[in-house]
Amino acid sequence: MRLPSISPLPAGLTLRPATQTDLPFLLALREQTMTERLRDAGYQPTAEDALARVMLFFEDIQLLLWQGEPAGMLKWRDEPEAWHIVQVQLLPAHQGRGLASALLGALCAQASDQGRPMLLSVLVNNPARRLYERLGFHVTGEEDDGRSLRMWRDA
């Protein structure tokens with residue numbers, strides 16, 4: 001199923017489906033945004049782990065472009081239970097500027113309009129948890145021996 005477009009987006013931010021030619025960017029993005037957090041949470045990530053995570057639901061990746069240049073990615077799926085945010089990552093240079101908040105806020109508004117709850121999981125040490133809580137997500141449990149939290153947002 002093709003996911004609906006997300007709107008409104010902040011001026012300068014566009015989305016497009018990822019292609020295989022984006023793989024080097026997506027792997028570098030994962031390295032820059034997740035490797036240290038994963039290690040801090042007790043994981044020992046490998047290059048193979050990073051590739052497997054990027055390739056998981058690859059068809060659902062939307063590349064985030066800031067003024068036409070790759071700035072991050074959003075991976076989400078329309079699953080029977082809820083809209084599932086699988087991954088959200090922004091290059092460090094684009095973090096803290098409200099882009100993720102605006103993007104996810106628009107996605108949450110669309111989910112609400114369609115009567116769809118949302119779910120995600122987040123590493124316990126990831127500061128993005130505060131953003132998710134501001135958007136209406138609440139913790140429903142732990143995953144991976146307490147290293148991640150499952151979060152839910154009602155429709």
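The values are calculated or read from the model by the stated rules, or taken from the named source; none is laboratory data. Not measured: the values here are computed from a predicted model. Glycine also receives a Cβ, built like all others from the backbone with ideal geometry; neighbour counts cover every protein chain displayed. Accessible surface is based on the protein model in full, side chains and every heavy atom, while ligands, DNA and RNA are left aside. Shrake-Rupley method; radii C 1.70, N 1.55, O 1.52, S 1.80 Å.
Odds and ends about this structure:
- With one equal scatterer per alpha carbon and no solvent term, the Debye-computed log10 I(q)/I(0) for segment 76-155 at 0.12, 0.14, 0.18, 0.27 1/Å reads -0.32, -0.44, -0.73, -1.44.
- The chain, relative contact order [Cα under 8 Å, separation at least 6], %: 22 percent
- Evaluated with a Cβ-only charge set (Lys, Arg +1; Asp, Glu -1), segment 1-74 carries a dipole of roughly 180 debye about its Cα centre, given to the nearest 20.
- Residue (of 62, 35, 20) at the positive-pole extreme of segment 1-62, dipole from beta-carbon charges: 62
- Looking at the chain, the DSSP beta bridges with both ends there are about 95 percent antiparallel.
- Projected-area average for the chain over all orientations - Cα convex hull basis, square nanometres: 8.8 nm²
- Prolate/oblate/rounded label for segment 22-89 (Cα gyration tensor, a/c 1.5): oblate
- Å² per residue, accessible surface of the chain at 1.4 Å: 51 Å²
- Ligands, DNA and RNA left out, the accessible area of segment 68-149 computed with a 1.4 Å probe is 46% carbon and sulfur.
- What separates the Cα centres of segment 100-155 and segment 7-24 is a distance of 21 Å.
- Only Lys, Arg (+1) and Asp, Glu (-1) charged, at Cβ; the chain dipole about Cα centre in debye: 420 debye
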